[in-house]
Amino acid sequence: MRDTTLDDVEALAQSMVNSPAAAVQLAGQLQATVQSLAVPRAELVTRPAFERAALWTYAVSFEQLDNSGDPSTKVIELQRDVHVRGVNACAIVQTPLENFELSSVFWLTSQAGGGKNLRWLFDVNWSIDDERGFITNGIAEIRARGVAITGDGEFSAPLDWRLQRNQTIVVRAASRLADASADAVEEPGTILRWLTVTFWCEELRQPGT
Amino acid sequence: MDHRATLSTLAHHAANDPAHASVYARVVLDQIAAWKAEGGEPQTPPGYLYAGARSIVVRADRLAVEPLPEEPPAIGGGPGGVAITTTGNDFVQAKMPVDALIYGVSGYAIPNVLLNDNGAQILDTGELFAFSAASDGRDLFSAQWNVDGETQFTTDGTNSFMTPAAALVGTRLRPRALAWKLKRDQTIGVRFRNLYNAIVGRTEEQPDGIAPTINCALVFYALDLRRLEG
């Protein structure tokens, strides 16, 4: 059985437009046809180097960022030539169980539009070889909220860097927990426990080299 | 929203509102025209057995938390605790049934009901999901993968380490795009860690804290690379 194609969807939709009466009957079929569309893959299969492409995740890990807002710095040293395609982040706030009411505010805010993965609770920026800052106000390098410049894994904030082995990506991050909740910094034990920033990469090496 | 997702949404609305199905169909046509104007979706090259698209599921059930270094020694923490970026859990292996192209990966975690020592329920799965700020509970566990037990592919260039699945993989709706080829019988190894005790701190006053077990998995989407005969 051949795969469902976009042309199949188009033909069905066209028949529904031509006959609104029949469209009532065909609506369910349209949904099923769209759902059965073959996954896109020709681009992957026909590209020259996918033996080990899009396999790597370069990442930094910040543990127990304090609530002062002062930045911490981590460095990624690339082991190979890569094409960096996107960046994502995830923060984990640790709260004692007795402060569940406070901590639930964080999760509810994330669900309500603050941004998945608690990305609204930290600032971050990055530069290559600690020279060229990409997050700036036009004059100087600044940090931005994670929700504005990183993805959440469901989508990956697009990047398009081709970097060479031994180049570095310098990442700076700071907790903004104190801005989000005064209670958070007054209650002991509430802290931005873990922040990871991940760069999703493709390896540029050709197969067999 | 990408074109596929838009089409899916429109078709869903048409199915739920048949009286206006022809109107939605018109929008579907407009959407397809816009898609094609952008170059369209790559056409499937001939010669592959794509119908056999597979899901390679690597899962861990009833995964318990591991003590963190800063937790009170009474609950297994202290110097002997396990750093948050790693785990004492073994890699779970999956063997490739055919030569395949791995083109995507998603993940999920589902917490199990939390019971007290007497077997009474403390929190159910729905309540436990309230601790997650990511889709499909992907921030409730960390993960890391390797191929044939060799390289760990999440690294800062010096050390390999685990990251929350929310920053490592996508969801079923939006998998992380991958592109790597494996031969039949090669293995993908994945190890997992339950992060509940990193989210809900345990204290000396409340050493039991909240530590449900979770069921979690990474799902790798694979294309069968065997050629059609002839």
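Per-residue extension of 0.36 nm, minus the Cα-Cα distance of B:His20 and B:Lys95, leaves a gain of 22.2 nm for this segment. For the residues of B:152-161, the average number of beta carbons from a partner chain within 10 Å of their own beta carbon is 6.
For chain B, the orientation-averaged shadow of the C-alpha convex hull comes to 18.2 nm² (one quarter of the hull surface).
With coordinates expressed along the principal axes, the C-alpha atoms belonging to region B:86-189 extend over 48, 31, 30 Å, beginning with the largest.
With a cut-off of 8 Å between alpha carbons and a minimum separation of six or more residues, what is the relative contact order of region A:55-155 in percent?
Working: 90 pairs, mean separation 24.8, N = 101.
Relative contact order here is 25 percent.
Ranking of B:Ser55, B:Ser142 by solvent-accessible surface, largest first: B:Ser55, B:Ser142 (1.4 Å probe, protein heavy atoms only, all chains present). Modelled spin labels at B:Ala74 and A:Ile139, positioned 7 Å past Cα toward Cβ, are 5.6 nm from each other.
How long are the semi-axes of the equivalent ellipsoid of region B:155-230, defined as square roots of 5 times the Cα gyration tensor eigenvalues? Whole Å, largest first.
The three semi-axes for region B:155-230 are 37, 15, 12 Å.
Once the dipole of the protein assembly as shown is set up with Lys and Arg at +1 and Asp and Glu at -1 on Cβ about the Cα centre, which of A:Val124, B:Asn146, B:Ala83 lies farthest towards its positive end? It is B:Asn146, whose Cα lies furthest towards the positive end.
Under the Kirkwood approximation applied to all pairs of distinct alpha-carbon atoms, what is the hydrodynamic radius of region B:48-133 in Å?
Values: mean 1/r = 0.0592 Å⁻¹.
Mean inverse Cα-Cα distance, inverted, gives 16.9 Å.
Label zone (B:Leu173, point 7 Å along Cα-to-C-beta; backbone nitrogen cut-off 14 Å) within region B:136-166: B:136-138. In summary, the aspartates and glutamates within cross-link reach of A:Lys116, defined as a Cα separation below 15 angstrom excluding same-chain residues under 8 places away, comprise A:Asp152, A:Glu154, B:Asp136, B:Asp139. Bridging of B:Lys95 to aspartates and glutamates at a Cα separation below 12 Å is possible for B:Asp148, B:Asp185, once same-chain residues fewer than 8 apart are set aside.
With a 10 Å cut-off around each Cβ of A:116-122, the average count of Cβ atoms from other chains is 4. A crude spin-label estimate for the pair A:Asp8 and B:Ala34, with each label 7 Å from Cα along the Cβ direction, gives 2.4 nm.
Efficiency by 1/(1 + (r/R0)^6): what FRET value for B:Asp148 and A:Arg165, r their Cβ-Cβ distance, R0 = 25 Å, to the nearest 0.05?
Details: r = 23 Å, r/R0 = 0.91.
Computed FRET efficiency for B:Asp148 and A:Arg165 comes out at 0.65.
Please find the FRET efficiency linking A:Asp183 to A:Ser72, where r is the Cβ-Cβ separation and R0 is fixed at 25 Å, and quote it to the nearest 0.05.
With a Förster radius of 25 Å, E is 0.60.
Could you work out the helix-only [θ] at 222 nm for chain B, with each DSSP H run of four or more residues adding -39,500 (n - 2.57) and the total divided by the number of residues, to the nearest 500 deg cm²/dmol? The partial results should precede the final answer.
Working: 4 runs with 39 residues, N = 230.
Calculated mean residue ellipticity at 222 nm is -5000 deg cm²/dmol.
The alpha carbon convex hull volume per residue for the protein assembly as shown rounds to 178 Å³. Put simply, when A:83-95, A:64-76, B:170-182 are sorted by average Cβ atoms within 10 angstrom per residue, most first, you get A:83-95, B:170-182, A:64-76. Assuming charge only on the beta carbon of Lys and Arg (+1) and of Asp and Glu (-1), the dipole of region A:51-193 about its Cα centre is about 600 debye to the nearest 20. Summing Cβ point charges (Lys, Arg +1; Asp, Glu -1) relative to the Cα centre of the protein assembly as shown gives a dipole of roughly 1600 debye. Among the DSSP beta bridges whose two residues both lie in chain B, what percent are antiparallel, rounded to the nearest 5? Once the DSSP bridges in chain B are tallied, antiparallel ones form about 95 percent.
Just need the relative contact order of chain B here, percent rounded to a whole number, with Cα pairs under 8 Å and 6+ apart. Could the numbers behind the result be given before it?
Details: 447 pairs, mean separation 73.8, N = 230.
Relative contact order comes out at 32 percent.
The values are calculated or read from the model by the stated rules, or taken from the named source; none is laboratory data. For clarity, every value in this text was computed on a predicted model and none was experimentally measured. Note: ideal-geometry Cβ built from the backbone for every residue, glycine included; neighbour counts use all protein chains shown. When the accessible area is computed, the model is the full protein with side chains, heavy atoms only, and any ligands, DNA or RNA have been set aside. Shrake-Rupley method; radii C 1.70, N 1.55, O 1.52, S 1.80 Å.
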